[in-house]
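The values are calculated or read from the model by the stated rules, or taken from the named source; none is laboratory data. What you see is a predicted model; the values in this text were computed from it and never measured. Reconstructed Cβ throughout: ideal geometry from the backbone, glycine too, with neighbour counts over all protein chains shown. Please note that ligands, DNA and RNA were not included when accessible areas were found on the heavy atoms of the full protein model with its side chains. Shrake-Rupley method; radii C 1.70, N 1.55, O 1.52, S 1.80 Å.
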Amino acid sequence: LVFTEEDKYGLYSNLLFKYFLAEGIVCGHELFVASAKEHPDNILKELPAPLLDNTYRKELGDEGAAVKSEDFQDSMKIAWRYQNLPKVEASPTTHTKFGHYYDISKKMPPELCQSVKWHSFYLHEELSVEPKMKPCNMNSGYAKLLHSIQRIISQEGFDGSDPQKKQRNVLRIGIQSLGSILWGDDVCCSDAPEDPHSLTKFLYVLRGLLRKSLSACIITVPTHLIQNKAIMERVTNLSDMVVGLESFIGSERETNPLYKDYHGLVHVHQIPRLNSLICDVSDTKDLAFRLKRKLFTIE
Amino acid sequence: QGKFTLLRDTRTDGSFLVHHFLSFYLRAGCKVCFVALLQSFSHYNIVAQKLGVSLAAAKERGQLVFLEGLKSCLDLLFGEEEQPGQPIPLQFLSTSDLRALFDFVRVSLTPVDGDSWKGPVLLVDDLSVLLSLGAAPVAVLDFIHYCRMSVCYQLKGNIVVLVHSNEDAEDEENELVVNSLCHHSDLILWAEGLATGFCKDVHGQIKIIKRLSLRQAAEKDLVQIYQYKIQDRNVTFFARGLSAAVL
């Protein structure tokens, strides 16, 4: 469960969200996109176009190392690590062909988008039928989303415990701006939210669904709006990976000469420690990102 | 026997201690009830195998009772209607009442005729999750209290519980639970991330507090501090400032 703290205007976290989905399409995975803000159909129309092998070198020239989404096997249940980024590289490494590259100035061709199966959840379009989930005092928007995810997992063959003969695939779940007021949660509006447990319960159940299925999930949350520190701590403990994006827009760092080549910082708050005593900690912990015309890079 | 050990982590992941105690007590031949709230069975199994213990085999021979919280939660919320009378340990998700969880623990560890295990052990990873799931701090403390009465006093067994704690987080409910547990623990193992930040050779510091004052009024607690580094199959401890990288 990759928990992404949105940058103030959601620009860059949205970009990462789209990279995650784009990589899913290029890998042939199935997608599940949920949002209360933007219709998933529109999100999918705005994905970056993949760069083909022989053109990417030409495109990238001597720009820094590109963000690579991880290309993973069916057996993994977790999305996405930044650990495999080379530390400081002038050009993309050739020995780790790990994922694909994208050109954000171009949109993904519709034929490619349609080559995979995808499911959408747009809160405002969901029927007002009560979710078939036993009550557990959770915000109804979250409950509907969980029910929807659970249904796709069990009906489309992503349940790891289900014996089945057909070829298994991976389900990539992307949930946009969770916790925002659009989901009916006031955790981003108030220091003492009316229902402080809905978000954490949601994450717990989601974690359970991810653990038992062949899926990976990224959620973006406008944490800069969450004033209650306790909730942030709890949410971190319930996630596998927590990454925060801090953009320089409107901050004093914008004019700091140290950061003149960059648009923001990447904070890796937590990395997964799964199936092992150790976790894969990289040597570099100071990461910054920049957005060029074609490429989003993290260095 | 009859000891309550509190595992505590601040700004770091103390789960290596949980893995240690799990394999330690299983190897010692104890009957273990493991309330695993945050990770899957296979996660613990894979690590336990590296530490030389098979959880699957322990479960098979009745030595390990494993409550996989994530899975039980899904069964509760999305499963078919349960038969009446069936125990539901995670019932508190709907009722905020932890009694069912306590009953589960008590029943799991009460010796059955023919059992030859050496002493029962309750292991919980991690207690802080209960608060995230809507349980009130008082309910959590009551749950622990009942477990202690049952497991430590009646059954003469041991309890090991992991909690997260971070004063900066201003999580008053959690700090309340942690402080209360500290007062009643016989042994506290407190893993902390280094104040200076991440370091490749020293993953953290562990404070071992033997609460001698708990049993004997005039006694003072014994505090030892070590630093540690976690490896694939092992954790090495060393005196502060004396990691292998430095020497």
Just one listed residue, out of B:Asp168, B:Asp186, is closer than 23 Å to B:Leu130 by Cβ and within 12 Å of chain A (Cβ to nearest Cβ), and it is B:Asp168
Can you tell me how many residues in segment B:66-105 are of a type outside the set (S, T, N, Q), assigned to a helix (DSSP H, G or I) and either at pLDDT below 80 or open to solvent by less than 90 Å² (accessible area, probe 1.4 Å) (or both)? 16
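Within segment B:13-65, considering only helices (runs of 4 or more DSSP H) that don't extend past its boundaries, which have at least 1 residues that are away from chain A (no Cβ under 14 Å) and open to solvent by 10 Å² or more (accessible area, probe 1.4 Å)? Before the answer, list the steps.
Working: elements: B:15-27, B:41-50, B:55-60.
Because the criterion is at least 1 residues that are away from chain A (no Cβ under 14 Å) and open to solvent by 10 Å² or more (accessible area, probe 1.4 Å), the helices (runs of 4 or more DSSP H) in segment B:13-65 that meet it are B:15-27, B:55-60.
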Take the residues of segment B:216-236 that are assigned to a strand (DSSP E or B) and within 14 Å of another protein chain (Cβ to nearest Cβ): which is farthest from B:Gly14 (Cα to Cα)? B:Thr236
Given the criterion open to solvent by less than 60 Å² (accessible area, probe 1.4 Å), within 13 Å of another protein chain (Cβ to nearest Cβ), under 17 Å from the mean Cα position of the chain (by Cα) and under 30 Å from B:Asp168 (Cβ atoms), identify the matching residue among A:Leu178, A:Leu210, A:Leu146. A:Leu210
Is it fair to say B:Leu162 is open to solvent by less than 60 Å² (accessible area, probe 1.4 Å), in contact with a Gly (Cβ under 8 Å, 6 or more places away or on another chain), more than 14 Å from chain A (Cβ to nearest Cβ) and closer than 18 Å to B:Phe34 by Cα? no
In this structure, is A:Arg172 open to solvent by 10 Å² or more (accessible area, probe 1.4 Å), at pLDDT 90 or above and either more than 21 Å from A:Ile149 (Cα to Cα) or of a type outside the set (A, V, I, L, M) (or both)? no
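Could you please let me know if B:Asp201 is in a helix (DSSP H, G or I), within 13 Å of chain A (Cβ to nearest Cβ) and loosely packed, with under 15 Cβ neighbours inside 10 Å? Talk me through it step by step, then tell me what you get.
Working: in a helix (DSSP H, G or I): no; within 13 Å of chain A (Cβ to nearest Cβ): yes; loosely packed, with under 15 Cβ neighbours inside 10 Å: yes.
In short, no.
In segment A:159-212, how many are in a helix (DSSP H, G or I) and touching a Gly at 6+ places or on another chain (Cβ under 6 Å)? So that I can check it myself, show each step before the final result.
Here is the first cut: in segment A:159-212, the residues in a helix (DSSP H, G or I) are A:181-183, A:198-211.
Cutting the leftovers down to touching a Gly at 6+ places or on another chain (Cβ under 6 Å) gives us A:183, A:199.
So the answer is 2.
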Can you tell which of A:Thr297, A:Thr255 is more than 22 Å from the chain's Cα centre (by Cα) and either away from chain B (no Cβ under 14 Å) or free of Cβ contacts under 8 Å to residues at least 24 places away in the same chain (or both)? A:Thr255
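With A:Val221, A:Val243, A:Val266, A:Val235 as the choices, which residue is more than 10 Å from chain B (Cβ to nearest Cβ) and within 28 Å of B:Asp75 (Cα to Cα)?
Working: A:Val243 fails: within 28 Å of B:Asp75 (Cα to Cα); A:Val266 fails: within 28 Å of B:Asp75 (Cα to Cα); A:Val235 fails: more than 10 Å from chain B (Cβ to nearest Cβ).
Matching residue, one of A:Val221, A:Val243, A:Val266, A:Val235: A:Val221.
Out of A:Ser198, A:Ser161, report the one residue that is farther than 28 Å from A:Asp7 by Cα, within 13 Å of chain B (Cβ to nearest Cβ) and small (Gly, Ala, Ser). Outline the logic, then answer.
Working: A:Ser198 fails: farther than 28 Å from A:Asp7 by Cα.
That would be A:Ser161, the only listed residue that is farther than 28 Å from A:Asp7 by Cα, within 13 Å of chain B (Cβ to nearest Cβ) and small (Gly, Ala, Ser).
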